[in-house]
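Read the structure below first, then the notes.
The values are calculated or read from the model by the stated rules, or taken from the named source; none is laboratory data. A quick note: this is a predicted structure, and the numbers were derived from the prediction, not measured. With ideal geometry, Cβ positions are generated from the backbone for all residues, glycine too; neighbour counts draw on all protein chains shown. Note: accessible area is taken over every heavy atom of the protein model, side chains too, but ligands, DNA and RNA are not part of it. Shrake-Rupley method; radii C 1.70, N 1.55, O 1.52, S 1.80 Å.
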Amino acid sequence: MYWSKTLIPTLREAPADAEIVSHKLLLRAGLIRKLAGGVYTFLPLGLRALRKVEQIIREEMDRAGANEVLMPALQPKEIWEQSGRAETASNVLFKVKDSSNREWFLSPTAEEVITTLAANEINSYRQLPKNFYQVSLKFRDEIRPRFGLMRAKEFIMKDAYSFDTTDAGAMASYQKMYAAYQRIFARCGLQAFPVEADTGVIGGSHSHEFMVPAETGENDVAYCEACGYAANIEKATSGLPKTAAREIGAAPEKFATPGVVTIEALSKDPYKVPANRQIKTLVYIADSQPILILIRGDDQLNETKLLAKTGAVVARPATVDEIVLLLGAKPGSLGAVYINFERFPDDVRNSLFEARKNILERDGISGFEKIKVYADERLQGANDMTTGANEDGFHLKNVSIERDIKVTAWFDLRTVSAGEPCAKCAQPLKIRRAIEVGHVFKLGTKYSEKLNATFLAADGSRQPCVMGCYGIGVTRTLQAVIEQGNDKDGIIWPLSVAPYQVCLTPLAVAPESEPMKLAEKIYAELTAQGVDVILDDRDERPGVKFKDSELVGFPIRLAIGEKALAKGEVEIKPRSGPVQFVKIADAVSTVLALVKTVYSR
Ligand SMILES: [Zn+2]
């Protein structure tokens, strides 16, 4: 390709709304342009790089035995109702109506479509296992799209779906995809590592995310350098001991704490109750029912764990008004020792309860007669604890959680912090930010049961297919490559996904000039050898050409200037290596050798 024939609108400065380096470079290097928030056009160079990432993915999916298909982006609402996700995924679904008022969803993923296909086309165990994948546009109604392609409303995703007859078979399919993902990201030049992950709204029992370490990532990963344990912070656990038990008095004791509404305030004079001897009581509305969550004062609730452990589909913190109606006190004085107004005499309690019940029911909240109490496992056996008295300005001390509180269930609900001991080997955990580029799930039979994807087994019984699903954010992966590979001058592409591998830069471009004639000759020879070459035939100053080529990040630059030419030499410079002068006769072989070394790295 000749530079002047394509469109590479490089920019000196990135637009102000580009916050992270990869987003800035995508714009500055002329790879993408914004049409609207979270919606981008791929320009020629950006598309070339994207196609290379896609090609690597296709090769590895095919190698792993998956079959490429292409499913519709327009999906009927009914199949989402059948799977139960019309509700649970509602907040990210793009919904459209056709002229006959029928509702459709723009595909954010395709479990419903592929499972419907399997229900119709797969009938016997003899047809299994099967794995289908597609590379296609996906849609997500992001309220706050940001970071360019990282969190967009429209993006390209590779999604694959495996169907097996047994759980063991599904696990084998999962392992195959896991291995394929490691190859894909390595071939893209990305340092991506697998971490244990929450299964979230997709469901399933077993899941890993592939993470690219980056300060700008939107995920936190807890990991152990000693044993290799790594998990998304939403899922990570640690080996912290439970709260130490102590001798305490016979019953909780109320004491006045006027104006004290935070853990910190209670830990100071005159109360001096350390945070690790306080029980923090949080009120959530989970699937329209109020629940109490008890966490130690020095711990933080992990909302993802809350959903995963309680099985709730949606949960939100209760409002102050709701909390007052439910517990009779404002946040800051809440506790689970006396709930349901147990601190009042029977007649007062009953009338209070009825009055509040009516208001709550009107607002769609039910189940408050018997509020469930979920407590973090770290509190198991804890006593000599202090918690709110459900009376503004009062707390209770001498609380033994197992004696004084009716805990419905104990779960691991806290977020781990850096430095806590690894649950496997006790070495300190570290935490780092990362970008999620891929996700593998073992789904089990959740979708096959709901959408009737069954097969006739060898023994004649009809059984649901055991499924897995596997996603790669293709456009996000492309941006992650840039986020990981850049310097002050621009992008540093790996050869495998660079839009062009070599930039030929003649410093005189008149058709009859020596530099241009030699450039055209080398262009023809390298192209014939299968190298992707761009020839910068713009009549610009050398400084401008060099700056642009470094900004776009072509892995190898071959410059042909009149001065070096007089000595029979050309100048070759790898993007992040030193300049070397080579004889004209050796130019092509030197570039070919470089392409090989850098490529095999
Ligand atoms: Zn460890």
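Observations, loosely collected:
- Estimated 222 nm signal from helices in the chain, with DSSP H stretches of n ≥ 4 weighted -39500 (n - 2.57), rounded to 500: -8500 deg cm²/dmol
- Dipole magnitude for the chain: about 780 debye, using +1 per Lys or Arg Cβ and -1 per Asp or Glu Cβ, origin at the Cα centre.
- Here's the picture: charge each Lys and Arg Cβ at +1 and each Asp and Glu Cβ at -1 in the chain, and of ALA29, PHE132, LEU149 the one pushed furthest to the positive end of that dipole is ALA29.
- Seen through its C-alpha gyration tensor, with square-root eigenvalues sorted a ≥ b ≥ c, the range 253-411 comes out oblate because a/c lies at 1.5 or above while a/b is not bigger than b/c.
- Alpha-carbon centroid distance for the pair the range 217-247 / the range 416-453, whole angstrom: 12
- In the chain, taking the dipole from charged Cβ atoms about the Cα centre, the farthest positive-side position among ALA256, VAL39, ASN120 is held by VAL39.
- Rel. contact order, % - alpha carbon contacts under 8 angstrom, at least six apart, the range 253-411: 31
- Dipole check for the range 21-120: with +1 at the C-beta of Lys and Arg, -1 at the C-beta of Asp and Glu, and the Cα centre as origin, the magnitude is about 800 Debye.
- Å² per residue, accessible surface of the chain at 1.4 Å: 44
- Pairs exceeding 21 Å between alpha-carbon atoms, taken from LYS97/LYS442; LYS330/LYS397; LYS254/LYS305; LYS158/LYS442: LYS97/LYS442; LYS254/LYS305.
- Annotation note: trypsin sites (Lys or Arg not before Pro) in the range 539-581 located in DSSP loop regions with a Cβ neighbour count of at most 11 within 10 Å are LYS567.
- Net charge of neighbours whose Cβ lies under 10 Å from the Cβ of GLU569, counting Lys and Arg as +1 and Asp and Glu as -1: +1
- Calculated Rg and Dmax of the range 500-600 using C-alpha coordinates, Å: 12.2, 38
- Portion, in percent, of the accessible area of the chain that falls on carbon or sulfur, probe 1.4 Å: 52
- In a DSSP loop and with at most 13 other Cβ atoms within 10 Å, the GluC sites (Glu not before Pro) in the range 477-525 are GLU512.
- Segments 63-71, 356-364, 151-159 sorted - mean Cβ within 10 Å per residue, highest first: 151-159, 63-71, 356-364
- Unpaired by the 4.7 Å Cβ criterion, cysteines found in the chain: CYS188, CYS465, CYS469, CYS503
- Protection proxy ranking, peptides 167-180, 327-340, 490-503, average beta carbon neighbours within 10 Å, highest first: 490-503, 327-340, 167-180
- Distance between the modelled labels on ARG102 and ASP412, one decimal in nanometres: 4.7 nm (7 Å Cα→Cβ projection).
- Contact order relative to length of the range 500-600, as percent, for alpha carbon pairs under 8 angstrom and 6 or more apart: 28
- Spatially proximal lysines relative to LYS547 (Cα-Cα < 22 Å; intrachain offsets below 8 disregarded): LYS5, LYS24, LYS488, LYS563, LYS573
- Of MET467, ALA226, TYR284, farthest towards positive along the dipole that unit charges on Lys, Arg, Asp, Glu beta carbons give the chain: ALA226
- Working from the Cα coordinates of the chain, the gyration tensor eigenvalues give, after taking √(5λ), semi-axes of 56, 30, 22 Å in decreasing order.
- Relative contact order, percent, the chain [alpha-carbon distance under 8 Å, six or more residues apart]: 18
- Counting only Cβ charges, +1 for Lys and Arg and -1 for Asp and Glu, the dipole size of the range 500-600 around its Cα centre is about 340 debye.
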